[in-house]
Amino acid sequence: MENAILIWRLKRGNIDALGRIYEKYESDMLAVAINLLGDRHTAQDILHDVFVGFAESAHKLSIYGSLRSYLITCTLNRCRDWIRSPKRILSTIPPDSSEIQQNSDPAGRMIADEAAFRLAAAMAELPIDQREVILLHLRGGMRFKAIAKQLNVSINTVQSRYRYGLQKLRSLLNGEVER
Amino acid sequence: MRPSDKIERLIQKTNYAADPAKRKQILNDASQALQQSRQETPAFWRTIMMYPLTKYAVAAMLVMAAGLFNYCHTGSVDIATIAFADISNAMKKVPWMHQVSRGKGVAHLGEQWFGFETRVFASKAADGKVSYWNISEKRIYEYDPNSRHIEETILDPNDFPLDMLSPLTLLESMNKMLTEQGAEIVTKIGKYNGQTVQIQDISLEINNISQKLSLYIDPITKLLIKADIKYVDADGNNPTDGEALYDYPLAGPATIYDLGVPREEMIKPLSSDILFKGQLINSLGNGIKGTVTIGWSCIVQSDQQGFFVVPQSRSKHFYGNQVGYGMNQDKTLGKHFYWKTDQKEDIQITLEPLISIQGRIINLKGNSVNDAKVQLCIETHPGGHECPSTTPWKTEIKSEGSFCFSGVPIGAAMEIIAEKPGLQGSIIIARPENATDINVGDLVLKPLTGFETETTWDAMLSGCVTNEKNEPMSGLDVNISSLGMKILKGKTNRKGQFTIKGLPRDKNVSGSVYAEGYGHIMFKIKIDASELNLQLFPQGYDLLNKPSPGLFVEKWFNTGLVTLEQYRGKVILLQIGAILPIYQRDFEMIQKMNEKYGNQGLGVIVLHARLTDDWAGPVTEEDILAFIKKHNIQFPFGIDDAEEKVKKMVAPDKLHNGAMYSLYDVKATPAMYLIDKKGLVRISPTEKDLEQWIKTLLAE
């Protein structure tokens with residue numbers, strides 16, 4: 001309901017609505033980008049491109065599913081493009097902690113968060129397609145069926161990617177999450 | 001609890017936020033992008049000018065406008081008035097229209113021909129350039145006397161919506177546009193070349209640009225014979241003052257050479273930039289003549305051996321994965337194929353027999369549904385479908401809810417989508433391997449989220465929107481948005497009336513209407529026989545012509561304490577809710593007013609408001625100070641008071657957005673108010689009338 005109004009207002013060029021949508025989904029979009037790319041700087045650039053692109057095309061927007069899964073799918077596609085593009089520097093190797101401390105901004109809001117950092121590091125150990133499924137499901141709020149359709153694979157494949165992915169995360173993060 | 005539950009939660013709940021600087025940049029750039037896309041959208045002539053064809057042809061617009069008058073005035077009609085339907089009918093019988101345009105500032109001087117039956121548009125410009133558009137063959141031929149060759153390019157719907165060359169569509173789209181923009185139309189009787197004519201004066205003012213169009217209509221043939229167009233831009237510059245004359249010949253140019261292009265000039269083959277090339281073959285591997293279609297409408301022919309080249313389109317740009325289809329000449333064989341914009345390899349398309357797909361639409365109870373809209377959509381890329389409006393296949397709806405798509409090329413995954421008010425259903429068809437007909441069985445229509453099957457969607461909501469003076473407000477969208485993702489809307493006409501159809505009977509729905517200067521007005525209504533009559537009041541309406549409630553400000557950043565007393569005898573422009581990074585444009589306007597009228601007795605006061613849904617992110621005091629420094633702000637800049645002490649002055653539930661926000665009845669930020677020399681609140685001006693109001697109040 002709220003989203004429907006937001007989209008309607010957005011289409012009329014309402015900037016409040018644009019900001020509200022950003023606020024609502026910033027965390028989800030960034031979560032996807034960071035955990036797929038393992039790099040906060042690039043992730044923020046991706047977020048920038050996705051959101052500016054979203055604003056650009058707002059007037060002709062037609063979303064059939066949820067706004068969240070739409071934005072998350074856009075983010076995921078953008079990340080994929082970036083991963084595939086030849087000019088990218090590093091693949092999915094997580095930055096080591098010393099580098100993070102140097103690079104993180106003084107506020108260091110995200111990386112200073114221990115859990116988020118460990119999660120990004122553990123995620124980086126997973127094959128990209130497992131990560132995609134996990135993020136689409138948990139951050140995009142998408143059902144397995146919708147993910148299967150999106151990724152053009154069977155629902156069983158999606159479910160097993162999800163299961164294996166979580167299993168691996170569990171073993172990597174074992175103890176830390178329990179703590 | 002399974003550990004993975006905790007991990008799932010960790011992934012779900014971990015909070016991420018962009019760096020503050022980056023966040024600002026994103027919001028700034030996105031806002032700009034939004035503004036830009038907004039500026040590009042409808043502005044009278046400019047809407048029409050979006051299409052290169054009509055850009056050449058001011059004529060088309062003029063003809064379109066001709067029908068407007070009667071469309072808007074359904075009431076009493078002068079005897080001499082020619083009805084919209086009459087003009088439409090007259091235009092239907094016209095095979096060709098010929099226009100000669102001349103005058104000052106007219107973009108495309110010269111002659112134009114419109115072949116309504118032959119679907120041809122031809123133009124001969126004053127500078128000698130000639131173009132010939134063959135709409136049916138989707139070709140454009142252009143001749144430039146300087147380069148001395150004729151260039152052939154492909155016409156696609158991005159250049160020009162193919163059905164635009166129907167006079168009726170032209171009329172209707174112009175009507176719709178003018179009605180939405182709130183044009184003023186005056187009809188009178190006059191003389192032209194000694195003949196009595198009906199003259200329609202259409203005037204429109206958008207963003208201070210006044211545009212005037214006079215149409216001369218022959219009362220006997222009911223056709224447009226002359227049009228005058230006048231407009232100036234916002235600064236009063238670049239005046240356009242032109243006229244166009246019309247006649248209706250029985251025949252027009254058949255080729256570009258008929259427009260005076262020397263016969264010896266050769267047509268240069270299609271643009272050499274190609275998207276991709278390939279060959280159409282049959283199942284035996286032999287080349288076969290046919291066509292290749294991409295983007296549902298860009299068609300290229302292959303040669304006898306089936307080889308084809310798809311050139312770069314004139315203006316349509318393709319990105320990433322795309323779908324197209326090939327067909328033989330007889331349209332008995334075909335196939336969908338996928339291609340990428342960076343496609344390097346040639347594409348070989350093996351044409352196979354076309355198939356038919358049938359099924360039946362049922363509801364949850366298993367009964368067949370007859371009147372649903374059903375579409376066959378093609379997968380364009382994983383997870384994405386396009387439901388083309390022009391299709392190579394035929395769609396048939398038979399009795400008992402059964403449907404059949406015949407002549408469908410295989411080669412792509414498809415989705416059948418059926419819709420009916422309140423209901424939706426779809427079936428995905430995996431990419432068919434063999435060219436055999438498919439029966440998908442039953443397609444179940446399910447109610448939209450939040451509504452039961454029993455809900456009937458035949459109800460209608462009508463009503464009226466008026467302003468504070470009980471005058472009708474036209475051109476507003478009334479939206480019902482609580483129906484899942486589907487938004488139903490109605491637009492108010494000149495009498496302020498609107499009708500929204502297909503609503504759930506006896507259900508409570510909510511919706512909203514927005515009007516500039518009035519903010520967002522939300523409503524809830526039960527859909528029964530009752531009407532929805534909304535009277536909108538401008539922001540701060542209760543305050544108008546009353547003494548201002550004063551200033552309740554938590555902190556002044558660049559001045560000492562400011563009171564309205566200090567401004568007595570001056571006109572005050574007060575802005576509430578300046579959200580710094582986003583409202584740059586609004587703020588620039590305030591600054592402009594300050595520069596222009598600051599020494600003539602205008603005082604400017606700007607307040608930042610901390611809103612409960614402060615979506616733009618928290619604005620810190622440092623941000624404000626930096627902003628003041630950056631823009632060298634001399635007028636007082638403060639922050640709206642959210643303190644408890646003002647609680648008693650306003651309704652407690654309203655307080656959360658700040659004292660000023662509540663006291664001045666802000667309905668959309670940033671809000672502006674003008675307080676006159678006697679300290680009375682006079683108006684909450686809009687961007688448009690701000691300057692005029694300042695001038696008026698200063699003169700008092």
>> If I filter region B:470-479 for residues that are among the hydroxyl-bearing types (Ser, Thr, Tyr) and in contact with a strand residue (DSSP E or B) (Cβ under 7 Å, 6 or more places away or on another chain), do I get at least one hit?
In response: no
> Would a scan of region B:363-373 turn up a residue that is touching a residue at least 40 places away in the same chain (Cβ under 8 Å), part of a loop (DSSP other than H, G, I, E, B), in contact with a Phe, Trp or Tyr (Cβ under 6 Å, 6 or more places away or on another chain) and on the phi < 0 side of the Ramachandran plot?
Replying inline: no
> What is the residue count in region B:531-585 for residues that are buried (at least 19 other Cβ atoms within 10 Å of the Cβ), small (Gly, Ala, Ser) and modelled with pLDDT of 85 or more?
Replying inline: 1
>> For region B:392-409, give me each residue that is among the β-branched types (Val, Ile, Thr) and surrounded by fewer than 17 Cβ atoms within 10 Å (Cβ to Cβ).
In response: B:THR395, B:ILE397
> Listed residues B:ASP330, B:ASP273; which is modelled with pLDDT under 85, more than 17 Å from B:GLY411 (Cβ to Cβ) and exposed (fewer than 14 other Cβ atoms within 10 Å of the Cβ)?
Replying inline: B:ASP273
>> If a residue must be in a loop (DSSP other than H, G, I, E, B) and at pLDDT below 85, how many such residues does region B:633-645 contain?
In response: 3
> How many of the residues in region B:493-511 are within 11 Å of chain A (Cβ to nearest Cβ) and buried (at least 17 other Cβ atoms within 10 Å of the Cβ)?
Replying inline: 2
>> Condition first: of a type outside the set (Phe, Trp, Tyr), more than 27 Å from the chain's Cα centre (by Cα) and over 18 Å from B:PHE337 (Cα atoms). Now tell me which residues in region B:373-413 satisfy that.
In response: B:LYS394, B:THR395, B:GLU396, B:ILE397, B:LYS398, B:SER399, B:GLU400, B:GLY401, B:SER402, B:CYS404, B:SER406
>> I need a count of the residues in region B:15-37 that are assigned to a loop (DSSP other than H, G, I, E, B) and either buried (at least 16 other Cβ atoms within 10 Å of the Cβ) or more than 7 Å from every other protein chain (Cβ to nearest Cβ) (or both).
In response: 4
> Exactly one of (1) more than 7 Å from chain B (Cβ to nearest Cβ); (2) surrounded by 17 or more Cβ atoms within 10 Å (Cβ to Cβ); (3) among the hydrophobic types (A, V, I, L, M, F, W, C) is unmet by A:ILE83. Its number?
Replying inline: (2)
> For region A:1-54, how many residues meet the condition of being within 23 Å of B:ALA668 (Cα to Cα), more than 8 Å from chain B (Cβ to nearest Cβ) and acidic (Asp, Glu)?
Replying inline: 1
> Of these, B:TYR231, B:TYR216, which one is hydroxyl-bearing (Ser, Thr, Tyr), at pLDDT 75 or above and over 18 Å from B:ASP689 (Cα atoms)?
Replying inline: B:TYR216
> Does region A:53-103 hold any residues that are assigned to a loop (DSSP other than H, G, I, E, B) and either closer than 30 Å to A:GLY13 by Cα or at pLDDT 50 or above (or both), and which are they?
Replying inline: A:SER57, A:LEU61, A:SER62, A:ILE63, A:TYR64, A:GLY65, A:SER66, A:SER85, A:PRO86
> Out of all the residues in region B:461-492, which are in contact (Cβ under 8 Å) with a residue 60 or more places away in the chain and away from chain A (no Cβ under 14 Å)?
Replying inline: B:LEU461, B:SER462, B:GLY463, B:CYS464, B:VAL465, B:THR466, B:ASN467, B:GLU468, B:ASN470, B:MET473, B:SER474
>> Between B:ILE525, B:ILE487, which is modelled with pLDDT of 85 or more, assigned to a strand (DSSP E or B) and not assigned by TED's automatic domain parsing to the domain that holds B:LYS678?
In response: B:ILE525
> Just one of B:GLY194, B:GLY190, B:GLY252, B:GLY260 is modelled with pLDDT of 75 or more and crowded, with 20+ Cβ neighbours inside 10 Å; which is it?
Replying inline: B:GLY252
> Considering B:ALA418, B:ALA435, B:ALA430, which residue is over 30 Å from B:VAL509 (Cβ atoms), surrounded by 17 or more Cβ atoms within 10 Å (Cβ to Cβ) and not assigned by TED's automatic domain parsing to the domain that holds B:TRP339?
Replying inline: B:ALA435
> Are there any pairs with C-beta distances below 6 angstrom linking a residue in region B:377-396 that is at the interface with chain A (Cβ under 9 Å from one of its Cβ atoms) and in a strand (DSSP E or B) to a residue that is surrounded by 17 or more Cβ atoms within 10 Å (Cβ to Cβ) and at pLDDT below 80, with the two at least 6 apart or on different chains, and if so which?
Replying inline: B:GLU379/B:HIS385
> Which of the residues spanning region B:126-141 are touching a residue at least 40 places away in the same chain (Cβ under 8 Å) and of a type outside the set (Phe, Trp, Tyr)?
Replying inline: B:VAL130, B:SER131, B:LYS138, B:ILE140
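The values are calculated or read from the model by the stated rules, or taken from the named source; none is laboratory data. Every value quoted in this text rests on a predicted model; they were computed, and no experiment measured them. Every residue, glycine as well, gets a Cβ built from its backbone with ideal geometry; the counts of neighbours run over all protein chains shown.
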